[in-house]
1. Identify all residues within the range A:211-233 that are in a helix (DSSP H, G or I), closer than 19 Å to A:Arg30 by Cβ and within 14 Å of chain B (Cβ to nearest Cβ); write none if there are none.
2. Hey, A:Gly161 hits all of (1) in a loop (DSSP other than H, G, I, E, B); (2) open to solvent by less than 30 Å² (accessible area, probe 1.4 Å); (3) away from every other protein chain (no Cβ under 14 Å) but one; which does it fall short on?
3. Kindly evaluate A:Leu208 against the criterion of being open to solvent by less than 20 Å² (accessible area, probe 1.4 Å), closer than 19 Å to A:Val92 by Cα, within 10 Å of chain B (Cβ to nearest Cβ) and among the hydrophobic types (A, V, I, L, M, F, W, C).
4. Answer yes or no: is there a residue in the range A:190-197 that is crowded, with 23+ Cβ neighbours inside 10 Å, on the phi > 0 side of the Ramachandran plot and within 14 Å of chain B (Cβ to nearest Cβ).
5. What are the residues in the range B:357-395 that are facing chain A (nearest Cβ under 9 Å) and more than 25 Å from the chain's Cα centre (by Cα), if any?
6. Would you mind finding the one in B:Ala124, B:Ala168, B:Ala154 that is more than 17 Å from the chain's Cα centre (by Cα), open to solvent by 20 Å² or more (accessible area, probe 1.4 Å) and within 27 Å of B:Ala216 (Cα to Cα)?
7. Select, from A:Arg240, A:Arg126, the only residue that is within 14 Å of chain B (Cβ to nearest Cβ), under 30 Å from A:Phe107 (Cβ atoms) and not in a loop (DSSP other than H, G, I, E, B).
8. Mind listing just one residue for me: the one in the range A:167-201 that is touching a residue at least 60 places away in the same chain (Cβ under 8 Å) and polar (S, T, N, Q) and, of those, farthest from A:Arg128 (Cα to Cα)?
Amino acid sequence: MNVRIGYLYPDLMNIYGDHGNVLTLVRRCRWRGIAVDVDELKPGDPVLPGRHDIFFMGGGQDREQVMVARDLIEVKGEAINREIEDGAAALVICGGYQLFGRFYRPFDGEELPGIGVFDAYTVAGRKRCIGNVVAKSALGGKAGLVVGFENHSGKTYLGQGCTPLGMVTVGCGNNAEDRTEGAVHLGAVGTYLHGSLLPKNPGVADFLIERALSRRGHLLPLRQLDDTIELRARQAAIARAKKTH
Amino acid sequence: MNIAARSVLAFGKSVGAATRVFKLGGGSTLPGRIARRLYPGFVPSMVRELPLGCALVTGTNGKTTTSTLLASVLDGAGITPVHNRTGANLMAGIASALIRESDLSGKLAARIGLFEVDEAALPAAIRETSPRLVLVNNLFRDQLDRYGELDTLAGRMREGIEGMDGGATVALNADDPLVASIGDGLEQKVVYYGIQSERYASDTMQHAADSKHCTACGAPLAYEYYLFGHMGKYRCPECGRARPEPDIAAVDLEMLGMEGTRCTISYPGGSVRLRVPLPGLYNVYNVLAATAAGLALGVEPETVFAAVESFTAAFGRVERVDAGDHQLLMILAKNPAGFNEVIRTLSTQPGRKDVLLALNDNIADGRDVSWIWDADFEMFTGRLHNVTCSGIRGWDMALRVKYSELGEASLAVETDLERALDASLEKVASGGTLYVVPTYTAMLDLRAVLVGRGLVTPFWEG
Ligand SMILES: [Zn+2]
C-alpha cells in the first residue's frame, strides 16, 4: 500500500503551521505501515493523471496568493478538478480554500478567479475573524467536533454544489453569518481552520487517507491508532475556545 | 514642562506606587496608560526634557536583549538612559518608564531616552518621541493574528520612519531583506549591519522562513546562503536588488554553544575580536544592532565593546538559576525562528538534554499556537533525554513532540507549570542542567515560582 501526496506551492502557501498537516498525513500513514511520498508541486509543475492521491495547499499572504491563482488557472486547475472527480482527496486551508472556490472578490481591483472545486465564492470583509473555532462535523470522530484557529477577513458563501465541513458553535466560520465552516466536495475538504488542523483532528486526517487508499482499490478499514495525546490536545483547545470568546 | 503634564505625572507616580504595594504587578504599564488617557500630550512633553533625545529599538526577535545591551553601552558612556526595561513596549509602557524615572517636578535624571517598541507601535512611538535613532532588527512572522501581513507591517513602519527628522539615523539589519528594504532611498542617514560569514550557513531555508520575495519587483529572491531563518545573503535575479553591504559586520565566527560566540566585529575605522557572551547567532545580531546604535549615538567604540563583553542576559531571555543540586537554564522562545535557534544552540552541545517546554496562549504569547508546527523539532532527534510539556497548551506541545518522533526521549505532560518544574527537575541527574523553554507568559509564571522559592529576584527590583 502506498499514498502519494501532492503538496501544492509549499514555498508560497505555508502560513500558520500548514506544514503540520502534511507531517500528520505522513506519520499516520507510516504508523500503519503505509508507504508515503510527498511531491512538491511548484509554479509551472504539471499535475499528472492518477499520480497524486491527496492534494494539500495552505494559506499565504496576498502577494503569494495572486501568483498562485495565476498558476492554478493556467497550469494545474483543470487537472486538479479532474483528479478530484476521479476520487483523489484534498485538503486546502484558508487562502488555498478560497482559491479552490469559484472566485475571490476584493474591495477594489480585479476579481481573482478560483478553480471551482467547491461551489463557493469569497468576498473581502471589513472585519477580521481571529480566534479559536469549534464546529460540529461529521468528520469530527466520536465527539463529532473539529477544532482549530481561524484568521481571515474574506467571507465565503457556499452554493448548492457542496456541503459545509461543519457548523460552528464557537467562532466565525465561513462568513460569520450562516454558522457554516469550510466545504466538502467528494474527497476534497476546504476550511479556514489552521492550528495545525490535522494533528488535533485525526478524524479529518483519516478521512483523507481512507479516500486515498480506496482510490487505489484498498477498501479495508484503517487500523486504529493511539490518539490519547491528540484527543487531550483537542479537549484543551475546546476548553480554551470557550474561555477566550 | 507644562502644568497638565506635571499634574498627570504626580497622579501617575501614585498609581505606580499603589500597584507595587498591592502587588498588581510591576506597575510597568498602568500609570502610563492612565497618564496618556488624562493627557494625550504627556509623552511628547516629557521627552522634550531629554537633552540627548530618544532612540527606539524594534523588531520581532531580540528587542529586549538589544535594548538592554544598548542601555549598558550608554551606561558605560556615562549617559544612563530612561528605559522601559521590562518588555512594556507599547506607548503606555514608555509613558510609565518616564513617570517612574522622573521626580515630581518632571525632572528626569536621565539625559537620553531608550525605548524598545512593539513593531506595530513604531509609527505612534515615532510621532510621540521624535527619535534621533530608530533601529529595526528583524521581521519574522510572529503573532500575525495581531499585525496582519508582514509586508503591510513593514510598509507602515517605513511610513513612520519617513516622517522622522532628516538628521535622524536609521539602523537596519542588512541580512533581512524586508528590513533592509526600509532603507531604500530614505532621506535620513541609514546604517546597515550584518553577519559576513558562511561558516554556520546552510543552503536551505528553515520552515520558519518568512521573507522570500523581492520587495521591489516581487520575484523570488535567490540566496547564496541562509544564516538564521530568512537572514542571509540574498539577491533578486530579476531586478538586481541585493543585500546592502553592511557598515558594521561580524566576521570569523566561532560558536561556543551556551557560552556564546567568538567573532570579529568590523566597523568604520577599525575592528575588534570579542566574545559575545550570549548563545546563538540571533544574539550576534543583537550585539551588532546594539553596536550600530551605540556608534550612531556617538559612543566611543572601546566603550561599546567593553559593555558588550561584560554583558549578562536580559531578564528571562536567557537566565541561569541555581536550584540546589541542579542548574536551570531558562530560554524564552516565542516564535518558530526563536525556537529553532534555541534548538540549534542546544544541539551544538554534547550529551542528551532534559527539557521543559511550556506553551501558553495568552494574548501576550499570541492566542494562535500553530507556530509550533513551523519550528524544526526534528533537529532535536537523538539529543533529548526527558521532555516535559507544560502550560495552558501543554497538550498541543506534546502533540508536536509526538509527531516529530524523538526516538528514545521520554515524554511527559503536566499542564500545571509548578508541578511540571518539580517533576522535570526530579529527572535531571545530580549536578545536571534542566533546559526550560517557555513562551512569554509561561516564563513570567515560572519566574514567579522561582521568586517564591527565593531563587531569583522579582524583575521590577532587578
Ligand atoms: Zn526584484
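1. Of everything in the range A:211-233, those that are in a helix (DSSP H, G or I), closer than 19 Å to A:Arg30 by Cβ and within 14 Å of chain B (Cβ to nearest Cβ) turn out to be A:Thr228, A:Ile229, A:Glu230.
2. Of the numbered conditions (1) in a loop (DSSP other than H, G, I, E, B); (2) open to solvent by less than 30 Å² (accessible area, probe 1.4 Å); (3) away from every other protein chain (no Cβ under 14 Å), the odd one out for A:Gly161 is (2).
3. no
4. yes
5. Matches in the range B:357-395: B:Trp395 only.
6. Selected residue: B:Ala124, the only one of B:Ala124, B:Ala168, B:Ala154 that is more than 17 Å from the chain's Cα centre (by Cα), open to solvent by 20 Å² or more (accessible area, probe 1.4 Å) and within 27 Å of B:Ala216 (Cα to Cα).
7. That would be A:Arg126, the only listed residue that is within 14 Å of chain B (Cβ to nearest Cβ), under 30 Å from A:Phe107 (Cβ atoms) and not in a loop (DSSP other than H, G, I, E, B).
8. Only one residue fits best here, namely A:Asn201.
The values are calculated or read from the model by the stated rules, or taken from the named source; none is laboratory data. Quantities reported herein were computed from a predicted structural model and do not represent experimental measurements. Neighbour counts are summed over all protein chains in view; Cβ atoms, including those assigned to glycine, are modelled from backbone coordinates with ideal geometry. Surface areas here come from the heavy atoms of the whole protein model, side chains and all, with no ligands, DNA or RNA. Shrake-Rupley method; radii C 1.70, N 1.55, O 1.52, S 1.80 Å.
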